[in-house]
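Engineer: First the structure, which I've put down as structure tokens, then a few questions once you've had a look.
None of the figures in this text is laboratory data; all of them are computed from the coordinates on show. Source: prediction; values computed, not measured. Backbone-built Cβ (ideal geometry, glycine too); neighbour counts: all protein chains shown.
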Amino acid sequence: MGEETGFTTMTGPKATGTAPEIGVGMLGYAFMGKAHTNAYKKIPYLIYPPPAMPKLVGICGMVEEEAAEAARRYGYTDHFTDWRKMLDDDRITLFDNGGPNNVHAEPCIAAAEAGKHIICEKPLARTAAEAKTMLDAAKKAGVKHMTAFNYRFIPALIQAKKLIDSGALGRIYHFRAQYLQEWIMPHYKTPFIWRLDKKTAGSGALGDLGAHIIDLGRFLVGEMKSVSAVTRTFISNRPSPDGKKTHTVDVDDAFVATVEFENGAIGTLEASRYAAGRKNHQVIEINGEKGSIFFDLERMMNELQVYWVDEDPQETQGFHTVLVSEAYHPWWNNWWPHGHIIGWEHLFVHELTHLLDCIVNDKSVSPWGADFEDGYRAAVICDAILASAEKRVHVDIVY
């Protein structure tokens, strides 16, 4: 990684077999359970020396057979169907919450009260008020807490932040971000699932996708001051998975918002799960007085496009594609020779290594990682976007 990034995870215990063990208890064994477990298993030999040795103690899910199978598949010592019993296990130091949004608050608060460190998937909660209860509990307990805004750990975006923070782009004028997917469009015949239920999810594309670009806007450019938004639900009724009932979709399928930053920059945010042909299309462009930066998630960890206004247009026209894979680039000395690119799953290795380092060496999760304060602030902005769309007014951001 290098000290110049602001990360210091490589200053932890040396590779002499003395790295402390951190027992992990995982809630959820689907998408994020798989992604996080993959990272825990890679940390000891890819991040060398590791700040800690993750020990996969327990994994929890509602269905006994599926939880047992997940434990066998992923290599957890035990499985649980009750997260309360898992949190009672003294072997667990770190609680990893990858469950649906409606099981973020209660288990995380209980974990904090039990003295467990916590990482919770985004959005941190269904509402800002709910997120605040989680933040307050974690702060009161004095445990380390992280909101899993994993895209902060993409080397190309860390490099972008370094350029912005150094003043290389000068005054920032614009931040524009899109996060587009297509998976609930009619041709997929997606039934009514928890992500379409406000009681469970809190919001739709806003919390699922928009929270990511909201967090990246704060991470890269700064605090947001106000928003004005429109939301839309395109299909308002969907059948249950068994086809026997029809349920009302009461969350947004898409949103568009304009945003004002405290530093004077303006921006646009857009997320949709109805963008035909877009599988995981997250693009970010930042325009400043001295240049611009463009990032495409599907080009992933490895590329950043940069334009400088003072270059001779006869020699260099337009944006340059920079391959962020040199040894001096963020995180890269943990991986391969330059040009040997890495992929989506590797950012979880960075994210969880950072958290383990913060636990073992008593460091702050922020500003490079997103803590529960960041999760709460993203939730405040999500609530403001929903309020703006409902009332058709400009809404100030108040934390």
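Engineer: DSSP H helices in the chain with Cα extent of 27 Å or more along the helix axis and mean Kyte-Doolittle hydropathy at least -1.0?
Structural biologist: Passing helices, by number: 372-391.
Engineer: A further question on this structure: For segment 153-391, which semi-axes, largest first and in whole Å, follow from the square roots of 5 times the eigenvalues of its Cα gyration tensor?
Structural biologist: Semi-axis lengths for segment 153-391 are 33, 21, 19 Å.
Engineer: Any idea what the relative contact order of the chain is, in percent, if you count C-alpha pairs under 8 Å spaced at least 6 apart?
Structural biologist: 20
Engineer: Sequence-distant or interchain residues sharing an amide H contact under 5 Å with Ile22, placed H: which?
Structural biologist: Under 5 Å from the amide H of Ile22 lie the amide H atoms of Met53, Lys55, each far enough along the sequence or on another chain.
Engineer: What FRET efficiency do you get for Trp194 and Ser364 if R0 is 25 Å and r is their Cβ-Cβ distance, rounded to the nearest 0.05?
Structural biologist: Efficiency for this residue pair is about 0.15.
Engineer: How big is the dipole moment of the chain about its Cα centre under a simple scheme where the beta carbon of each Lys and Arg is +1, that of each Asp and Glu is -1, and everything else is neutral? Debye, nearest 20, please.
Structural biologist: About 760 debye.
Engineer: Run the reach check for Lys34 against aspartates and glutamates, Cα to Cα strictly under 17 Å, same-chain hits fewer than 8 apart removed. What comes back?
Structural biologist: Straight-line reach from Lys34, under 17 Å: Glu65, Glu66, Glu69, Asp78, Asp96, Glu121, Glu345, Glu351.
Engineer: Give me, ordered by chain and number, the residues 5 or more places off Gln282 or on other chains with an amide H under 5 Å from its own placed amide H.
Structural biologist: Excluding prolines and chain starts, which carry no amide H, the hits are Leu180, Leu297, Glu298.
Engineer: Quick one: which of Lys162/Lys363; Lys85/Lys198; Lys161/Lys225; Lys122/Lys199 span more than 22 angstrom between C-alpha atoms?
Structural biologist: Lys85/Lys198
Engineer: Please report the antiparallel percentage of the DSSP beta bridges confined to the chain, to the nearest 5.
Structural biologist: Percent antiparallel among DSSP bridges in the chain is about 60.
Engineer: Can you tell me how much longer the chain between Asn280 and Asp136 gets when fully stretched, taken as 0.36 nm per residue apart minus their C-alpha distance, in nm with one decimal?
Structural biologist: Here the segment from Asn280 to Asp136 would lengthen by 48.5 nm.
Engineer: Also, quick follow-up: Go ahead and run the numbers for FRET between Asp89 and Glu65, Cβ-Cβ distance against an R0 of 22 Å, rounding to 0.05.
Structural biologist: The computed FRET efficiency comes out at 0.60.
Engineer: Can you compute 3J(HN,Hα) from phi for each residue in segment 233-246, using the Karplus curve 6.51 cos²θ - 1.76 cosθ + 1.60 with θ = phi - 60°, rounded to whole Hz and x for Gly and Pro?
Structural biologist: 10, 7, 10, 8, 9, 9, x, 5, x, 8, x, 8, 10, 10
Engineer: Could you sort the peptides 236-242, 118-124, 175-181 by per-residue average Cβ neighbour count (10 Å cutoff), highest mean leading?
Structural biologist: Most protected by this proxy first, the peptides run 118-124, 175-181, 236-242.
Engineer: Moving to a separate point now. Suppose R0 equals 35 Å. What FRET efficiency, 1/(1 + (r/R0)^6) with r the Cβ-Cβ distance, do Glu298 and Asn263 give to the nearest 0.05?
Structural biologist: That gives a FRET efficiency of 0.75.
Engineer: On a full-extension model of 0.36 nm per residue, what is the gain between His338 and Lys245, subtracting their alpha-carbon distance, rounded to one decimal in nm?
Structural biologist: The His338-Lys245 span can extend by a further 28.1 nm.
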